[in-house]
Number of protein chains: 2
Amino acid sequence: MSNPIHFYFDFSSPYGYLAAEQIEALGKRANREVIWHPILLGVIFKTTGGQPLTMTPMKGDYSLNDFNRSAAFYGLTYNAPTVFPIASQNACRAVLWSQKQSAEKGKQLALALYRAFFVQDRDIGKIDVIADVAKAQGFDSDALVAAIQTDEIKNELKTNVESAIAQKVFGSPFFIVDGEQFWGADRLPMLEKWVTQGGWKY
Amino acid sequence: MSNPIHFYFDFSSPYGYLAAEQIEALGKRANREVIWHPILLGVIFKTTGGQPLTMTPMKGDYSLNDFNRSAAFYGLTYNAPTVFPIASQNACRAVLWSQKQSAEKGKQLALALYRAFFVQDRDIGKIDVIADVAKAQGFDSDALVAAIQTDEIKNELKTNVESAIAQKVFGSPFFIVDGEQFWGADRLPMLEKWVTQGGWKY
C-alpha cells in the first residue's frame, strides 16, 4: 500500500464531520490507509490568527446555511447542534485513548462522537456524554473516563496539536498525503484524483 | 429560461479566474443565463473584516500552491502573476463599459483581462495594459480609456459594489441563483447540481 492519508479534524467542525463520513470510503477506493488525527482548532487559531467561520461577518450566516446544504448534497444527515461550538478536548482525548486499542476502534469512536454531536444534537463537550457514546459502541466507559483525565493523555493531545501546527495544518478537515496538503471537505474530489492517479505536475 | 446565475468576481482573485473559465459552460449545460458582476473585494473586506487569502498566515502559502494545483485539476493554464494583488478598479470599469455594448462583449473582455493577468502575467491594474487587451479583442480602446475615467462609470462601479454588499457577497467567486448563495470555485459542482435539478430541501 502507498503512503497513508493523514486526516486532521476538529470535533466542532461541521465540514470535519462531513469529511469523516466520506474519507474511509475514499481511502478504500484509492487503496490508501487513512490515519485519523483529532486536533484542537482553537489552539491552532492562536498561532495562525484564524477564527471560527461562524463568527466571521456574512461568512458566518453563509456557513450555517452551507453546512446543511452540503450535508444534503453529500447525502448525509446533519442537524445544527444547539450548543455550538464546544470545548472538544475531552472528545479528542477519548479518541486518542480508543486508538490505543486499534486504529479501527479509534475511527469507530470518532465517527460515533461526530454523529452524536451533528446528528443527535448531544453535547460531546461533556464527559458523561462522551462516556455514554463510547459505552454504546462497546467501549469500557469507566476506563475511558479515568484515562482521559490523566496527564499522559493530556500531554499526548498537546503534542499532537503541536505536531499538526508543525505540519502547517490550519483548518478542519485537513489532509496530508504524499507531502501534499488538502484543506476542506470540498477538496475531497481533488484529493481522490490525486491519490488515484499519483498526483500531477503543477 | 429560468432565473439567471449572478456571478460576482474580483480581478485579483485566482479562484475567480478559475470560475470565470468554467461558468459559461455550466450555464449552458443548465440552460441558465449567467450575469457577470465585476466587484472590488478590497472595498467589501472593509465591511466584512475579511482579508486577502494570501496574506493570512499558513493559509497564504497553502493558497499560492492550491491556485496552481486547482488550475491543473480543472485543466486550465495558470501562471502566478509577478505583481499581485493589483488595484482592479480600472479593469472593473472597463468591463462595465464593454457590457453597455452587450453582455456577451462584457464577458469576452472580462475573460481576456483575467487571462492577461493569470496566464500572460500582464499587470491589468494599468490602464495602458487594459487598453491593449481590449484593442486585441476588437474594442475601441480610445473610447474605453476615456469612458473608464468618467464619474459616470466610477459611480456605476461604486453602486454595483454597494449592491453586492447588500446582497451579502463577501468573496470571489460568488454566485447567487434562485436566492441561493454559493461561494468559491469549489462550489461549482454543487451549484450545477442545484440549478440542474431545481435545488433540494435542506
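Take B:Lys100 and decide whether it is touching a residue at least 12 places away in the same chain (Cβ under 8 Å) and either more than 14 Å from chain A (Cβ to nearest Cβ) or surrounded by 14 or more Cβ atoms within 10 Å (Cβ to Cβ) (or both).
So B:Lys100 fails the test.
Selection of helices (runs of 4 or more DSSP H) fully inside segment B:96-188 by the criterion of at least 2 residues being among the β-branched types (Val, Ile, Thr) and touching a Lys or Arg at 6+ places or on another chain (Cβ under 8 Å) returns B:127-136.
Restricting A:Lys28, A:Lys46 to residues that are of a type in the set (Lys, Arg), exposed (fewer than 14 other Cβ atoms within 10 Å of the Cβ) and more than 22 Å from A:Gln167 (Cα to Cα) narrows the list to A:Lys28.
Just need a number here: residues in segment B:23-53 that are of a type outside the set (D, E, K, R) and away from chain A (no Cβ under 14 Å).
13
To keep it simple, each residue is scored yes or no on (1) of a type in the set (Ser, Thr, Tyr); (2) within 14 Å of another protein chain (Cβ to nearest Cβ); (3) farther than 16 Å from A:Tyr15 by Cα; (4) buried (at least 20 other Cβ atoms within 10 Å of the Cβ).
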position: A:Ala110; (1), (2), (3), (4): no, no, no, yes
position: A:Ala134; (1), (2), (3), (4): no, no, yes, yes
position: A:Asp140; (1), (2), (3), (4): no, no, yes, no
position: A:Leu144; (1), (2), (3), (4): no, no, yes, yes
position: A:Gln149; (1), (2), (3), (4): no, no, yes, no
position: A:Ile165; (1), (2), (3), (4): no, yes, yes, no
position: A:Val177; (1), (2), (3), (4): no, yes, yes, yes
position: A:Leu191; (1), (2), (3), (4): no, yes, no, yes
position: A:Thr196; (1), (2), (3), (4): yes, yes, yes, no
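Taking the criterion of being surrounded by fewer than 18 Cβ atoms within 10 Å (Cβ to Cβ) and within 11 Å of another protein chain (Cβ to nearest Cβ), the residues of segment B:54-72 that qualify are B:Met55, B:Thr56, B:Pro57, B:Gly60, B:Asp61, B:Asn65, B:Asn68, B:Ala72. Inspection of segment B:80-90 finds a residue satisfying the criterion of being assigned to a helix (DSSP H, G or I), at pLDDT 95 or above and farther than 27 Å from A:Arg187 by Cα.
When segment A:128-159 is filtered for residues that are within 17 Å of A:Lys105 (Cβ to Cβ) and polar (S, T, N, Q), the ones remaining, listed by number, are A:Gln137, A:Ser141.
The values are calculated or read from the model by the stated rules, or taken from the named source; none is laboratory data. Model, not experiment: these values are computed from the prediction. All Cβ positions, glycine included, derive from the backbone under ideal geometry; neighbour counts span all protein chains shown.
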